[in-house]
Each structure stands twice: as structure tokens, then as C-alpha cells.
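The values are calculated or read from the model by the stated rules, or taken from the named source; none is laboratory data. This structure is a prediction, so every number in the text was calculated from the model and none was measured. Reconstructed Cβ throughout: ideal geometry from the backbone, glycine too, with neighbour counts over all protein chains shown. Protein only, heavy atoms only, side chains kept; ligands, DNA and RNA dropped before computing areas. Shrake-Rupley method; radii C 1.70, N 1.55, O 1.52, S 1.80 Å.
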Amino acid sequence: MYKELIRAAVNARKNAYCPYSQFAVGAALLTLGGKIYTGCNIENNAGTSNCAERTAIYKAVSDGYKDFKSIAIVGGNSLKDQSEDYCYPCGICRQVMTEFCDGSFEVICAKNVDDFEVHTLDELIPYAFNLIKQ
Ligand code: THU
């Protein structure tokens, strides 16, 4: 399943709109029911860019899916087909993941299908603020 998700993220990365950073990111989110939602980063000249992870999460939530198992992320220079480094989610995306996912949610940071790390959301955002659980 990790490899299938990474493959979907690699494909989604091709749609990245990143004329300002030239940093293209693709994400593939797996729902608990087994559906895959993909996303890419979408930049904006006024600085209101949206990350690939949030694009995927918001697409899923707007379709009525709110329970997720994992997300694969692939990012790197848009001129290169292969990512040379792991791309970790930004702070805003980690907080958005916290909104919908529990600490065991898996974040798969991949260079390609054969080279990836798996982290839990708990590892990436310890002591996360969560109003619902206060
Ligand atoms: N970006 C993502 O889409 N996901 C990440 O995990 C890190 C950063 C995007 C935002 C922006 O379009 C570009 O990468 C450079 O920061």
C-alpha cells in the first residue's frame, strides 16, 4: 500500500503549480475506507499558497471523507523528475492533520517508491493543540 500511495503522490506532483518556488510537491491521502485523494501545491503571487497535503485533505473533506489512515508526500525541485530529499509537511499542514487524524496517522515521506520514511503524526507534532480534546 505504501508504494501505491507513493506512486499516486509522484503522479500528483506533476500537476504542481509552483512558478514562484520551483518546488513541486505531490501528496496522496488514504481514507480509512481505502479511497485515495491526491493533491499538489498551488502557489499564488500574493503569497497565499496551498501545500499539496492540504489540497489532498481539503479535497477529501469536501467530498465528505474525514477519517484517514496515511498520506504520502513527494517533493523537490520542479525541474527534476526525482526528489533528492524527503519532503516533510510544514507546520500548518501538521496542524490540519491534527484536526482530522489521530496520533497514529502515518506520514510517508518519499524520494521514490523504493526510498521512503514512515512517521506517525505524533512524532511530527508532539503536544499538538487540540481544542476538542482539551
Ligand atoms: N510545500 C508543500 O506543498 N508541502 C510541503 O510539505 C512543504 C512545502 C510547498 C509550499 C510551496 O508551494 C512550496 O512547497 C515551497 O515551500
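For the stretch 4-58: of the residues being assigned to a loop (DSSP other than H, G, I, E, B) and more than 23 Å from Gly91 (Cβ to Cβ), which is nearest to the ligand (Cβ to nearest atom)?
Pro19
Kindly check whether there is at least one residue in the stretch 42-56 that is hydrophobic (A, V, I, L, M, F, W, C) and touching a Lys or Arg at 6+ places or on another chain (Cβ under 7 Å).
No: zero hits.
So which of Val74, Val96, Val61 ends up being within 12 Å of the ligand (Cβ to nearest atom), at pLDDT 95 or above and out of contact with any Gly (no Cβ under 8 Å at 6 or more places or on another chain)?
None of the others qualify; the one that does is Val96.
Per-residue answers, yes or no, for (1) hydrophobic (A, V, I, L, M, F, W, C); (2) touching a strand residue (DSSP E or B) at 6+ places or on another chain (Cβ under 8 Å):
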{"position": "Lys14", "(1), (2)": "no, yes"}
{"position": "Gly26", "(1), (2)": "no, yes"}
{"position": "Cys51", "(1), (2)": "yes, yes"}
{"position": "Ala60", "(1), (2)": "yes, yes"}
{"position": "Gly64", "(1), (2)": "no, no"}
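Here is a yes/no grid of residues against (1) more than 10 Å from the chain's Cα centre (by Cα); (2) open to solvent by 80 Å² or more (accessible area, probe 1.4 Å); (3) more than 10 Å from the ligand (Cβ to nearest atom); (4) in contact (Cβ under 8 Å) with a residue 40 or more places away in the chain:
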site: Ser78; (1), (2), (3), (4): yes, no, no, yes
site: Glu84; (1), (2), (3), (4): yes, yes, yes, no
site: Cys87; (1), (2), (3), (4): no, no, no, yes
site: Asp102; (1), (2), (3), (4): yes, yes, yes, no
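When the residues of the stretch 56-74 are filtered to those that are farther than 16 Å from Val118 by Cβ and open to solvent by less than 20 Å² (accessible area, probe 1.4 Å), which remaining residue is farthest from the chain's Cα centre (by Cα)? It would help to see each step written out before you state the result.
Quick first cut of the stretch 56-74, residues farther than 16 Å from Val118 by Cβ only: 56-67.
Cutting the leftovers down to open to solvent by less than 20 Å² (accessible area, probe 1.4 Å) gives us 56-57, 60.
Details: Ala56: 7, Ile57: 8, Ala60: 12 Å.
Applying the filter and picking the extreme gives Ala60.
Open to solvent by 40 Å² or more (accessible area, probe 1.4 Å) and not hydrophobic (A, V, I, L, M, F, W, C): is that true of Gly91 in this structure?
yes
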